[in-house]
Amino acid sequence: MSIFNFSETSDACIKCGKCIPVCTIHQVNPDETTSPRGFIDLLGAYQQGHLPLDKEAKAIFESCFLCTNCVDVCPNSLPTDMVIEEVRADLAEKYGIAWFKRIAFWLLEHRAVMDLVMKFGFMFKTCALKEDPKGRGLIARFRMPLVKKGRLLPSMAKKSFLNSYPERIESTQKKQKVAIFIGCLANYNYTSIGDALVKILRYLDIEAVIPKTQQCCGAPAYFTGAQASVERMTKKNIVLFEALIEKEQVDAILIPEATCSAMVVHDWAIFFKNRKQPEWEARAKAVAQKVYMATEWLYSATDLHDRLAKEGKKIEATVTYHDPCHARKVQGIWQEPRKLLQENYHLTEMSDPNRCCGFGGVTMQTEKFHLAEAAGKPKAAMIRDTGATYVSAECSACRVQLSETMHSAGVETIFKNPLELIAEAIPE
Ligand code: SF4
Ligand code: SF4
């Protein structure tokens, strides 16, 4: 079966319905058309020429959160998320990409201009936004295009992570060497994540390369169907990663973000396979061998865990860990951050840490924000029920969504990336 042949995927669906109770969009819009089984059925009809790709079909295919819950439980492992990503490319070709997304993707490809835009944004942010008193982000003072009044948005850094550090951070013993691929939200909005990673690497005496020419991983464009942007950014990153592996001889390329890491490790090769570019598919697969989520590598390839247990500060705070879809379901990473955190914090589990936070991508956070809001409410409630001081996840997309959803629901818990919490536990 070819996963990108919608008819074959549709024929392989045995209509068992196991995917329906776990589907994020079906939970907030309980209709067969917005369920994994319904999406697959409609895609088969589209390929056979029985369903036009009209505005209604567009709205349906844009309502999937790409959370992969359905793939996890499907007896045939049908990749609903991937076929949805593919049909979104057809939608983008037919309807074009909305103006604000085109601007955003262009800026992500042109980092020097993006740096300037973010600098201006930082200088003038108080005109439209005010600081959240708890430091969780910025609150919209009034209604703006695609943003309602009172919504919590990500904070903005005065200086990006990539502009704050030299290209190389030396070690004394030169035993291990890594490169940092930071991700756009951690570069511009949540720069404390990169600060924390650098602090941890210095503590472990690991040499770090911070390449300034790194581009966006391409995930926001990929989930929107903007294939040309994905191809340009991905190819530039693959060339950079090859140089890091061959010339710099890095042991690992660390990414402190689940979505970026899943894109690099999982989706780059699939993207080129589907575009019938076998040479780039092979290159994407080769570089992916050296790419790790930061906690995954720090736990398995260093003595960080033992050192935190022996000499780390014992912090009187409770942490509950949320499993990002792109970490646990796509990459099988869920134990490593917990094991690193539990040495220095009290860990408590929420009732369903694996439930999708409801971020859903650029379209869901803008044109379909009401769906993201509805999907986030149960997660905010289960975080509140733990009474935890912090909720943690190695994913800034989850941070955007969970911080806003907790802000709306009046939940006091603060979101921190596990690296930030680990860095706070390092002895002075
Ligand atoms: S990826 Fe998530 S939202 Fe989309 S169909 Fe599957 S379970 Fe539903
Ligand atoms: S779980 Fe898989 S086979 Fe069963 S209805 Fe859902 S997509 Fe089809």
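Observations
- All conditions in (1) assigned to a helix (DSSP H, G or I); (2) touching a residue at least 12 places away in the same chain (Cβ under 8 Å); (3) closer than 18 Å to residue 363 by Cα; (4) within 15 Å of ligand 1 (Cβ to nearest atom) hold for residue 27, with the sole exception of (3).
- Subset of the range 342-370 (residues that are of a type in the set (A, V, I, L, M, F, W, C), surrounded by 22 or more Cβ atoms within 10 Å (Cβ to Cβ) and at pLDDT 95 or above): 356, 357, 359
- Scanning the range 313-325 for residues that are surrounded by 20 or more Cβ atoms within 10 Å (Cβ to Cβ) and over 19 Å from the mean Cα position of the chain (by Cα) gives a single hit, 319.
- Residues considered: 81, 72. Of these, the only one that is in contact (Cβ under 8 Å) with a residue 60 or more places away in the chain and within 24 Å of the chain's Cα centre (by Cα) is 72.
- Of all residues in the range 206-224, those that are not assigned by TED's automatic domain parsing to the domain that holds residue 109 and in a loop (DSSP other than H, G, I, E, B) have Cβ atoms under 6 Å from Cβ atoms of residues that are crowded, with 21+ Cβ neighbours inside 10 Å and among the aromatic types (Phe, Trp, Tyr), 6 or more apart or on another chain, in 214/181.
- Checked against the criteria, residue 14 counts as in a loop (DSSP other than H, G, I, E, B) and either in the same structural domain as residue 379 (by TED's automatic domain parsing) or more than 9 Å from ligand 1 (Cβ to nearest atom) (or both).
- Selection status of residue 41, near ligand 1 (Cβ under 10 Å from one of its atoms) and in a helix (DSSP H, G or I): no
- Looking across the range 44-72, the residues that are more than 9 Å from ligand 1 (Cβ to nearest atom) and in a helix (DSSP H, G or I) come down to 44, 45, 46, 47, 55, 56, 57, 58, 59, 60, 61.
The values are calculated or read from the model by the stated rules, or taken from the named source; none is laboratory data. For clarity, every value in this text was computed on a predicted model and none was experimentally measured. Positions of Cβ are generated from backbone atoms using ideal geometry, with glycine treated the same way; all protein chains shown enter the neighbour counts.
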